[in-house]
């Protein structure tokens with residue numbers, strides 16, 4: 001079970017990072033990547049929390065680290081999901097002759 005959780009978390013984190021980079025470069029599909037990664041991270045958070053409380057003595061440190069990673073990458077993904085980066089491109093540059 002630990003291997004499945006680790007592989008799924010790696011996939012979800014890469015989707016969140018790729019979606020954030022897509023958002024920074026104004027490419028299409030950024031929101032879809034971020035949503036896919038965040039939904040997967042949410043499911044993994046649910047599974048990791050249940051397994052943490054079920055196997056508290058065995059793998060508690062492992063699931064604690066998984067939950068910390070979810071908090072970091074999930075916060076990063078939520079930040080980029082709700083950012084409106086279109087205003088950055090509309091700034092006016094004034095040059096003095």
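Descriptive notes on the structure:
- Every residue from region 56-66 that is surrounded by 14 or more Cβ atoms within 10 Å (Cβ to Cβ) and free of Cβ contacts under 8 Å to residues at least 40 places away in the same chain: 63
- Verdict on residue 51 being within 12 Å of the chain's Cα centre (by Cα) and either surrounded by 14 or more Cβ atoms within 10 Å (Cβ to Cβ) or part of a helix (DSSP H, G or I) (or both): no
- Test: residue in region 33-47 that is part of a loop (DSSP other than H, G, I, E, B), over 12 Å from the mean Cα position of the chain (by Cα) and surrounded by fewer than 20 Cβ atoms within 10 Å (Cβ to Cβ): no
Each value in this text was obtained by applying a stated rule to the coordinates, not by laboratory testing. None of these values were measured; they are calculated from a predicted model. As a convention, Cβ positions derive from the backbone with ideal geometry for all residues, glycine included, and neighbour counts pool all protein chains shown.
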